[in-house]
Amino acid sequence: MKRNLFLATTALFGASAFAQAAAQDTIVVTATKREQTLQEVPIAVSVVQEEVLEETQIIDALDLQSVVPSLRVSQLERTSNTTFSIRGFGSGANNPGIEPSVAVFIDGVFRSRAGSALDDLIGLERVEVLKGPQSTLFGKNAAAGVVSLVTKKPEFEFGGQVEATAGNFDSRILRGRVTGPINDIMAFSLAGSYNQRDGYFDNSVGGTDDYNNRDRYSFSGQLLAQPTENFEARLIADYAEINERCCGTARVTDGDAGGIIRDILMAETPDFNDPFGYAIANDIANETEITNTGISLQMDWDLNADNTLTSITSGRRYDDFIDYEGDFTTLDLLGTNVRGIDADTFTQELRLVGAKDRLSYILGGYYFYEDTDIKDERLYGTDARAYVDLLGAAAAGAFVQVAPGVFIPDASQSPLTGVEVALGLPISQTFYQDGGGTAFNVTQKDTQFTLFGQVDFEVTDRLTLTGGISYFQADKEVDFTDVTRTNPFSDINLVELGFGALFQGVTTLAPTPANVGAFAGASAQNAAIVQALQAASITRDSEALANGGVLVNGTVVDPNTGLPLSNAFLGLFDAGLQPLGPLTTFPNSVENGESSDSDVPFTLRASFDATARTNLYLSYATGFKATSWNLTPDTRPFASDVPALLAAGDLANDGSFGSGNVVPTGLALELAGVPNQYSGTRFADPETNKVLEFGLKTRFSWGSLNVAVFNQVVEDLQSSIFQGTGFVVSNAGEQEVNGFEFDSIIDVQFIPGLTLNLSGMYLDAQFNDFPNASVLRGSDADLADGVIDGIGDLDGERPAGTPEFSGSFGFDYRRDFMNAGEMFIRADYQYETEVQVVQNVPEDILGREVNLLNASIGINLDNGLEAMIWGRNLTEDEFFTSGFPTTLQAGSISGYPNIPRTYGVTVRKRF
C-alpha cells in the first residue's frame, strides 16, 4: 500500500525536483539499502542528481558541500589529506591510522581512504548524503553519516555523452561516457575523465612549479548481465591517477622565527601581511601521487516475489606517495619529508531484502579486511643546524649587537653547543645534522565484521515503526618495530641535563650518582638542597619568575636562599627544538599492538502520516567507530605503561643518551618536565555516537518544507591535532550538538519556470568533557593550569569548524529556447557565521566566515547539444579552510586559503 512518507531533505537545486512535485516520487534512492523513492525514505537524506552536478560544475567530492549545507569537505597539506564531516562531526585528517567518522561508498563499496574518493565524478546518477549515525546498516565508519555515490548502470540502448570544459587558470577538462548492448542479456558502459589546471599559488622558488593545480585522470568500465528475469550481475572496474601539488599555505601570524629566517639566514617565508596573496616560498614541491584501482561484483537474485538476495564483493588497491614541504620556507630545514601508503582492501556484503504483508525487513552481514603498509621518512636538511642554533640562542636570551640598537641571536652561544660541551660530544657535529631524523615502516591489519538487521512494521496505514540492530566486531594488529633514528638532540633528557647543570653550579661537584648521594647524605640541609634542585629541574623560567623568582646572571633564583628555581634547558623543548622525539617501538613486552572492539548499534524510529501532505517522524540511533591508532612518528606509550616499559628496558630514550655521569632524577620528574617526550598516546579509544531527532516533512503544490530538530552526542570523539612539531591523538570525552535544520523548495507560480531554494542549519555545539585537549602552546587555554605543555581544558568550548549557522539560498529559472530546447539561469549563495577554524588556534587568530556565490547560465537543446557558462566564488570571498601552528617555528601560524574565483565554459553533446 502507498505510504505518504515525505522528503527528509530534497534534491538540492534540481529543476525537475523543484518545479514538479510529482517528480519527487520518481527519485530512487538506496539510503536504507533497498530501492525506495525519496518520498518513501524516512531518514534525513540529501540527494544531488546528475543535472545538478552538471549545471553547477561539481567535478569532485570537494565541490559537493556547496549544494549540501550539512556537509563539509576540508583538504589540507596535500591532496589525499581530506576530511568529510556532517552536522559538525567528522575526523580522519592527516593521520593514516585515524579513520573517518563519515563513510564514503561508491556503488555500495566502502572507500577506506579519503584519497580513494577524490576521483572526478563521472557517470554519476546521484549522490546521497545520509545525516546522523548510520552504523546499523552501513557498519564501518558511519558513526556520523554516509556519503553514497551511485553511478549509472549500463543500458541496453546505445548512447552516451562527451563534454569539454575550458576555464581560468588554464583549466582543461574532458569527460565522456558511452553505453550500449553487447547482446540480448549483456550491456556495457565505459567512462573516462581528464582534468588539468594550473595552480593558483605562485611559488617564489624556481623548479617547484605552482601549487593547488589539477592533474588527474580516471577510467571505469561496467558490464551488466541479465540472463534471467530473476538475476542480475554488475561488474565494475575502475582506475584513477592523481599527480598534483597541494596544498599552498599562507602565513597568518609571524613569530620570532620568521625574522630569523628572513633577516639573518636570508631565506623566504610567505608574506604574513598578505595571507590571501596566494604566494608561497617552498623549496620542496608538495607532490602527491595517488593510484586508486578496484573491481567489484554485485549480484541480485529475486528469490521470489517478496525477497531479493544481494551480494557485493570488492577488492581495491590504494597507493599514495607524498613528498611534501614540511617547514614552508625556502630553507632546507627538512631535506626529506616523504610518506608512502599502500593499502589492499577486500570487502564482502550479503543481504536479504524482503516484505510480507505489513512487514518489510533487511538481514545481512558485512566483512572488511585491509592490509596497510606505511613508509615514512623525515630527515633534516643542510640549513637545520644553523637555524636551530639561532633559534636556541634566542630562546636562551643570547643576543649580539650588530648595529646601533640592532641585536640578533648569537649563534656562538647556542644552547645546542652548550649541551654538546656538557656531554663531551663533537661541537656542531652531533645535533641537527644533514640527513639525521627518523624513518620507519609500520603495518596495520584491520579486520571488521558486522551482522545487521532492520524491520519496518506498518501498524496502521499511517503509522510505521522501525527497529534495527547490528553487531560490530573490529580487530586491528599494528607492527611499529622497523624504525631508524639518527636524531640525538631529541633524545636528550632535558630534565636530567638541567638537574646536572644546577647541581654542579651550586656544589661545583660533577653530577654523578656517587657525588649526589654523598652530598645529600651529609646533612639534612644538603638533602633539602637536592630536593629543591629536583623541583627546579622541572620548572620553566616563566613559571619561576611568576612565583617570585629573581633573574640573576641569566638564572632564576630564590631571593631568600639564592638557589636556582628553574631549568633553562626546558625552553628548548618549549621552542619546538625536540621534534621527532624518542620513539618506543611496539609490539614490546608491555604493548602488544592489538585492539579488539565490539558494539551493538541500533535504530528506533516511528513515522506517522499526519495528512496526505504531512509526515512526522521521531528517531533514535547510535553509531560506533573502532579504535584508531596513531601511525605517525609522534606515537608515544601511555603514561600508565611507561614504568613497566622502563623496568623491562623497552622505553626508547630512558634518559641514558650521553648522560652516563648524570644521576637520574626519577621517572615522575622526567614526565612532568617534558610531557609528550616519553609518554603520550598510542591510539584513540572507540568513538560512539547517538542522536535523537524529530522531523516534520511537508509537500504542497508549490513545493515543500522540511524541518528537523535533533540532539546529537559523540562520546570519545577521536581527534588528531598538529602542535607544530607533531600530531597529538586524543579523545574528547563528550561533544554535543543541539541542532535545527530546514529546507524549503518553492515553485514560484506567478513566474513560470522559476524555482527557489532556501536551506539552513543552526548548531549549538560544545564540548561537555574535554579536560586534556591539545591546545596552542602558550595560549590562555594552555596557561590556565600554570604549565606550558600544550594541554588545556576545553569543557564548555565550541568545537572548531562548527559554525553556529550555515545556510544557502538559490534559484533556478528555465524558459523555452526558440522551440528547440530550454535555457536556464541558476545561482546559489552559501553563508556561514564566523567560527574558529582549528581547535588549537584561537578564533581571533584564525577565524572563518563564508559568503560564497556560484552561478551558471546555459542552453540545453533537444538535439543533445548543451552549452554553459559557469562561475564559482564569483565575489572572490576569502577565508581559511584550515590551519596549524607552523612547523619548527614557534609563534607562527599558517592557514589554507580557499580557492579564488574560477569560471569557464562547458560544452556537452548527448547521443
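Tabulated data for the structure shown
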quantity: Protection-proxy order for peptides 232-242, 591-601, each taking the mean of Cβ atoms within 10 Å per residue, highest first; calculated: 232-242, 591-601
quantity: Reach of Lys697 by Cα under 16 Å, taken over aspartates and glutamates that are not fewer than 8 positions away in the same chain; calculated: Asp25, Glu40, Asp609, Glu741, Asp743
quantity: For Asn203, residues with placed amide H under 5 Å, excluding near neighbours; calculated: Tyr211, Ile280
quantity: Local electrostatic count at Arg126 - Lys and Arg +1, Asp and Glu -1, tallied over other residues with Cβ under 11 Å; calculated: -3
quantity: Across Lys33/Lys625; Lys153/Lys375; Lys131/Lys909; Lys131/Lys476; Lys445/Lys690, pairs whose alpha-carbon gap is larger than 30 Å; calculated: Lys153/Lys375; Lys131/Lys909
quantity: Phi to ³J(HN,Hα) by Karplus 6.51 cos²θ - 1.76 cosθ + 1.60 over the stretch 415-422, Hz, x for Gly, Pro; calculated: x, 4, 5, x, 5, 4, 5, 5
quantity: If the convex hull is drawn through the Cα atoms of the chain, its volume per residue in Å³; calculated: 163
quantity: At R0 = 51 Å, FRET efficiency that the Cβ-Cβ distance of Arg910 and Glu736 yields, to 0.05; calculated: 0.60
quantity: Rounded tilt (10° steps) of 384-395 against the dominant C-alpha axis of the chain; calculated: 70
quantity: Dipole of the stretch 524-597, positive end: most advanced residue of Gly576, Leu545, Leu563 [Cβ charges, Cα centre]; calculated: Leu563
quantity: Surface/4 of the Cα convex hull for the stretch 437-593, nm²; calculated: 18.9
quantity: Total charge dipole magnitude, the chain, about the Cα centre, Cβ charges on Lys, Arg, Asp, Glu only, Debye to nearest 20; calculated: 1620
quantity: Table column - 3J(HN,Hα) (Hz), the stretch 106-123, Karplus curve with 6.51, -1.76, 1.60, x for Gly and Pro; calculated: 10, 6, x, 10, 6, 9, 6, 10, 4, x, 7, 10, 9, 4, 4, 7, 10, x
quantity: Cα-based convex hull, the stretch 193-298, per residue volume (Å³, whole number); calculated: 136
quantity: Under-5 Å amide H pairs with Glu268, H placed in peptide plane, nonlocal only; calculated: Thr330, Leu331
quantity: Positive-end residue, the chain charge dipole about Cα centroid, Cβ charges, pick of Thr313, Tyr896, Val841; calculated: Thr313
quantity: Contour excess over end-to-end distance, with Cα ends at Ala524 and Trp702 and 0.36 nm allotted per residue; calculated: 55.1 nm
quantity: Calculated FRET value between Asp685 and Arg815, using beta carbons and R₀ = 56 Å, to 0.05; calculated: 0.45
quantity: The chain: relative contact order in percent, alpha carbon pairs under 8 Å with at least 6 residues between; calculated: 11
quantity: For the stretch 340-354, 3J(HN,Hα) per residue [Karplus equation, 6.51 cos²θ - 1.76 cosθ + 1.60, θ = phi - 60°, Hz, x = Gly/Pro]; calculated: x, 10, 10, 10, 10, 10, 10, 9, 9, 10, 9, 9, 10, 10, x
quantity: Amide hydrogen neighbours beyond the local backbone of Cys247, cut-off 5 Å, H modeled; calculated: Glu77, Arg78
quantity: Spin-label model distance (nm) - Val205 vs Leu297, 7 Å beyond Cα toward Cβ; calculated: 4.9
quantity: Between 0 and 90°, nearest 10: helix 494-507 axis offset from the chain longest Cα axis; calculated: 20
quantity: Using a Förster distance of 45 Å, the FRET efficiency for Asn547-Phe638 (Cβ separation, nearest 0.05); calculated: 0.90
quantity: Gain upon complete extension [Gln226, Thr508; 0.36 nm per residue less C-alpha separation]; calculated: 92.5 nm
quantity: Virtual spin-label span in nm between Met823 and Asn304, 7 Å along Cα→Cβ; calculated: 5.9
quantity: Inter-part distance where the stretch 452-478 and the stretch 387-448 are each reduced to a Cα centre, Å; calculated: 57
quantity: Inter-label distance for Arg901 and Val421, nm, one decimal - labels placed 7 Å from Cα along Cα-to-Cβ; calculated: 6.0
quantity: Nearest 10 degrees, 0 to 90: helix 513-522 Cα axis against the chain principal axis; calculated: 60
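Computed from the coordinates by the stated procedures, all read-outs in this text should not be read as laboratory data. Not measured: the values here are computed from a predicted model. Because the Cβ atoms are built from the backbone with ideal geometry, glycine has one as well, and the counts that use them run over all protein chains shown.
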